[in-house]
Amino acid sequence: MSILNAKPVVLAALAASALVMAVSMAFNDKRLCVVCRVYPVSPEYTVTCSFTCIQIFCQRGSGDARMCDVCHRRPKRRGQQQCGNECAGVANVACLLCKYRPKDGRHDLCSLTCKKVVMILAPCILEVPRGHAIYDMVEGKFKRAWKDKSSPIPVIRKVFKIIENEEFQKPYELYRVDLAKATGAFGVGVYTSSASNKAYSYCKPNGALLLNKVVLGRVRQVSGWNEVMSCPQGYNSVIFERRNGILNETILYCNDAIRPVFLIIF
Ligand SMILES: *[C@@H]1O[C@H](CO)[C@@H](O)[C@H](O)[C@H]1NC(C)=O
Ligand SMILES: [Zn+2]
Ligand SMILES: [Zn+2]
Ligand SMILES: [Zn+2]
């Protein structure tokens with residue numbers, strides 16, 4: 001009744017102001033931090049407002065699982081973690097921590113901000129999603145290192161990037177000393193292999209494998225068990241290219257010579 005009585009000009013004005021409100025709400029909503037939903041986003045933190053909110057974001061996401069993993073503004077496409085092809089493309093090269101910005105070249109993260117956050121969270125593991133460039137790289141390394149052509153290459157189920165911090169290193173080193181095999185065929189050492197089939201033979205059928213970085217230093221080649229029982233004088237590591245390398249073994253005698261980089265789950 002009041003609407004019927006209202007003068008057309010007033011209605012038009014009301015409609016216009018409602019439209020302005022709707023537009024500004026939509027605009028503001030887009031610009032609000034996806035975590036607190038209170039403060040506007042800051043250019044440095046892209047979809048969040050502050051270092052506090054990006055820390056929360058990196059641990060549990062925006063809290064709205066319906067939203068695209070990359071832009072956090074549009075809903076996910078059915079059966080996907082992103083809203084569309086463009087965001088899915090970014091996801092495949094995204095920072096392993098925030099997952100919405102492209103990673104920085106060879107690094108696994110996008111920025112100093114993410115590096116700062118990850119050092120607060122460390123030690124931790126970051127899942128590398130299937131389809132990601134790093135996943136393909138790790139899978140490729142594993143497959144190329146498979147030397148035993150007579151057995152099929154197992155299927156990798158998951159890949160994680162290992163993030164260490166300094167406090168993590170100390171117990172890790174002590175732990176590794178405990179693990180070092182006193183009964184090993186070449187004495188007390190850290191036994192590794194460049195042949196993924198050899199490494200996998202200790203964890204099959206379901207298990208985990210660490211992809212490590214290793215400093216070999218001066219290598220002593222051996223051709224049989226027990227040829228050396230400790231680090232040979234003047235050398236840093238021992239390599240036994242058993243069965244022409246199909247069961248290649250690399251033995252290190254110093255904990256500092258090895259660090260885990262990726263965790264592979266079968
Ligand atoms: C055996 O392992 C060493 C050390 O990783 C590597 O340099 C060498 O090429 C490997 N040998 C074969 C035959 O794969
Ligand atoms: Zn916020
Ligand atoms: Zn998106
Ligand atoms: Zn990042």
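Each value in this text was obtained by applying a stated rule to the coordinates, not by laboratory testing. In this text, all values refer to a predicted model and were calculated from it rather than measured experimentally. We place every Cβ from the backbone using ideal geometry, glycine too, and count neighbours over all the protein chains shown.
How far apart, in nm, are two points set 7 Å out from the Cα along the Cα-to-Cβ line at V261 and at S42?
Simple spin-label model gives 3.3 nm for this pair.
Once you have a ≥ b ≥ c as the square roots of the Cα gyration tensor eigenvalues for segment 193-266, tell me rounded if a/c is under 1.5, and otherwise prolate or oblate according to whether a/b is larger than b/c.
The shape class here is oblate.
Listed here are the pairs K76/K143; K141/K161; K76/K161; which of them are more than 22 Å apart at the Cα?
Numbers: K76/K143 32 Å; K141/K161 14 Å; K76/K161 25 Å.
Beyond 22 Å between Cα atoms: K76/K143; K76/K161.
Can you give me the distance in nm between label points at N206 and D148, each placed 7 Å from the Cα along the Cα-to-Cβ direction?
Roughly 2.1 nm, to one decimal.
Calculated FRET efficiency, V215 and L121, Cβ-Cβ r, R0 25 Å, to nearest 0.05? Provide the component values of the computation, followed by the final result.
On the way: r = 27 Å, r/R0 = 1.08.
It comes out at approximately 0.40.
Does segment 37-146 classify as rounded, prolate or oblate by the C-alpha gyration tensor (a ≥ b ≥ c root eigenvalues; a/c under 1.5 gives rounded; else a/b over b/c gives prolate, otherwise oblate)?
It comes out oblate by the Cα gyration axes.
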